[in-house]
1. I'd like the GluC sites (Glu not before Pro) in segment 137-205 restricted to DSSP loop residues with at most 16 other Cβ atoms within 10 Å, sorted by number.
2. Between Ser22, Ser60, Ser208, which gets the highest mean-square fluctuation from a Gaussian network model of the chain, Cα cutoff 10 Å?
3. By how many nm would the segment from Ser145 to Asp111 lengthen if fully extended, with 0.36 nm per residue of separation less the alpha-carbon distance?
4. Computed FRET efficiency, Cβ-Cβ of Gln166 and Arg30, R0 35 Å: what is it to the nearest 0.05?
5. Taking Rh as the Kirkwood radius, which is the inverse of the mean 1/r over Cα pairs, what is the Rg/Rh value for segment 1-124?
6. Among the trypsin sites (Lys or Arg not before Pro) in segment 23-55, which ones are in a DSSP loop with at most 15 other Cβ atoms within 10 Å of the Cβ? Mind listing them?
7. Of Leu93, Leu168, Leu185, which is the most mobile in a GNM of the chain whose springs link Cα atoms less than 10 angstrom apart?
8. Would you tally the net charge around Asp68, using a Cβ to Cβ cut-off of less than 11 Å, leaving Asp68 out, and scoring K and R as +1, D and E as -1?
Amino acid sequence: MPSFASFDDLNLKPELLQGIHSYGPRTPSRPHQVGLIPILRNRDCMFQAPPGPMRMSTLSIGMLQRLDFSIEGLQALLVVNNDEAGEEFHRILSGLGEFLGVKIIQCFDADDVSLRPLKNEPPHILIGTVRPIFQIITENLADNSHLRMFVTDDGEQIVAEHVEEQALIDSYWNWLPSDIQIINLLTTMTVDLIGMASRTMKLPMTLSTDADNGDGEVGGAEL
């Protein structure tokens, strides 16, 4: 995997670089080194790293670079395991995307869903927990025609909690466009998650901040 000494080396949007320089992080951390380039290259990824700001900012920088903010439409769906993680993602994405004009909506319960004009005034990024997003999908409350990225945070926990709910899981996968980039952020690789990835992701790369296979591709392999 290519390495980089500075975010300036990645040919990022000037407005995103401005956000990075003003908001942080100042220099690339190991999660950035391992996960950012595959995300920027539109690869499906299983990204194993400790939870926290570095993992979140890796995903956020990649997402903000990949989205087209001249398009008024929902382009990224981020499913989180709890409200606190969603709030932290919102804070990081808003800070890094300050100069991009990014629009973000959060949905953490049914009342949120009923108040969100997702089709008439779509955000670029929708952050939510599993069941509100499921409601949005089943009630056709959002347009997926511009959707580019689908991300789960703590994917192993989400899968473990809902592995028996096949109708819920199928609703997600049937709604997503076939060419969408799928990224699972995880702390622990599980059998259930690997099984799901093999069925739903396109040649996914497994990336880990703990692994180094010795040939320059840090923690990178295809499932």
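Only the coordinates and a few stated rules stand behind these numbers; no lab work does. All figures in this text were calculated on a predicted structure; none of them were measured in a lab. In this analysis, Cβ positions are derived from the backbone assuming ideal geometry, glycine residues included, and neighbour counts consider all displayed protein chains.
1. Working: sites: Glu139, Glu156, Glu161, Glu164, Glu165; in loops: Glu139, Glu164, Glu165.
Sparse-neighbourhood loop GluC sites (Glu not before Pro): Glu139, Glu164, Glu165.
2. So, out of Ser22, Ser60, Ser208, the one fluctuating most is Ser22.
3. On the way: separation 34, 0.36 × 34 = 12.24 nm, distance 2.49 nm.
Between Ser145 and Asp111, full extension yields 9.8 nm more.
4. 0.45
5. Details: Rg = 14.7 Å, Rh = 15.2 Å.
My calculation puts Rg/Rh at 0.96.
6. On the way: sites: Arg26, Arg41, Arg43, Arg55; in loops: Arg26, Arg41, Arg43.
In loop regions of segment 23-55 (DSSP not H, G, I, E or B), the sparsely surrounded trypsin sites (Lys or Arg not before Pro) are Arg26, Arg41.
7. Evaluated over the chain, the most mobile residue of the options is Leu168.
8. Working: positive: Lys13, Arg66, Arg148; negative: Glu72.
Net local charge, Asp68 excluded: +2.
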